[in-house]
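Quick notes on the structure that follows.
The values are calculated or read from the model by the stated rules, or taken from the named source; none is laboratory data. Computed from a predicted model, the values in this text were never measured in an experiment. Ideal geometry is used to build each Cβ from the backbone, glycine not excepted, and the neighbour counts take in all protein chains shown. When the accessible area is computed, the model is the full protein with side chains, heavy atoms only, and any ligands, DNA or RNA have been set aside. Shrake-Rupley method; radii C 1.70, N 1.55, O 1.52, S 1.80 Å.
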Amino acid sequence: MATTSNVFTSTGTVMGVSAAPPATYDEAGFVALTFTDVAEVVDMGEFGAVYNKVDHAALERRNIVKRKSMVDYGSMAVQLGRDTSDAGQLLLVSGADGANKDVVYSFKITLQDLSVQYFTSQVYSYTTNVGAGDQIVGSTVQVEIDNEIIEVAAP
């Protein structure tokens with residue numbers, strides 16, 4: 001019996017960046033911003049909520065009670081083909097160690113199915129990877145997500 005699958009590839013995913021936080025931390029707040037696409041994104045890695053685990057070992061019983069505690073929404077080591085003429089990459093450079101190094105940026109990740117994920121972060125680094133002769137000069141941008149990821153379903 002054949003089954004249908006709703007998975008899709010990463011091809012077509014677009015990262016947008018804005019050098020401003022949303023006025024309200026919801027879909028409407030992010031939609032009101034102007035995002036600049038970042039060119040030459042090769043890999044965004046994985047990100048999302050991971051909770052700290054708290055163990056409680058009461059003396060009157062042998063089992064350890066486990067509970068979720070603080071949440072970390074993750075980080076992204078975004079791999080890029082380095083393009084110093086791209087407006088999106090220039091925004092990231094400015095956020096890493098330039099005029100906007102202390103600014104909270106907004107990010108918009110649009111997946112192939114047109115669903116969107118919004119979040120905020122400062123830009124922690126923009127590094128250069130020259131690599132070997134058979135390699136495109138690249139950059140890695142480190143993003144540390146500092147709040148809930150707002151997910152918007154595909155239209």
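Across the range 112-147, what is the total count of residues that are open to solvent by 60 Å² or more (accessible area, probe 1.4 Å) and either touching a helix residue (DSSP H, G or I) at 6+ places or on another chain (Cβ under 6 Å) or under 22 Å from Thr34 (Cβ atoms) (or both)? The total comes to 3. Here Gln135 meets the list (1) at pLDDT 95 or above; (2) out of contact with any Lys or Arg (no Cβ under 9 Å at 6 or more places or on another chain) almost entirely, failing just condition (1).
Scanning the range 23-61 for residues that are open to solvent by less than 50 Å² (accessible area, probe 1.4 Å) and either in contact (Cβ under 8 Å) with a residue 24 or more places away in the chain or assigned to a strand (DSSP E or B) (or both) gives Phe30, Leu33, Phe35, Thr36, Val38, Ala39, Val41, Met44, Gly48.
Restricting the search to the range 87-111, which residues are open to solvent by 70 Å² or more (accessible area, probe 1.4 Å), among the aliphatic types (A, V, I, L, M) and either part of a loop (DSSP other than H, G, I, E, B) or closer than 17 Å to Ile145 by Cα (or both)? Answer for the range 87-111, where residues must be open to solvent by 70 Å² or more (accessible area, probe 1.4 Å), among the aliphatic types (A, V, I, L, M) and either part of a loop (DSSP other than H, G, I, E, B) or closer than 17 Å to Ile145 by Cα (or both): just Ala99. For the range 73-86, indicate whether the set of residues that are hydrophobic (A, V, I, L, M, F, W, C) and open to solvent by 70 Å² or more (accessible area, probe 1.4 Å) is non-empty. No, that holds for no residue. For Thr9, the criteria (1) of a type in the set (S, T, N, Q); (2) modelled with pLDDT of 95 or more; (3) more than 22 Å from Glu148 (Cα to Cα) hold in every case but one, which is (2). Only one of the listed residues (Ala19, Ala39) is of a type in the set (Gly, Ala, Ser), in contact with a strand residue (DSSP E or B) (Cβ under 7 Å, 6 or more places away or on another chain) and closer than 23 Å to Asp83 by Cβ. That residue is Ala19.
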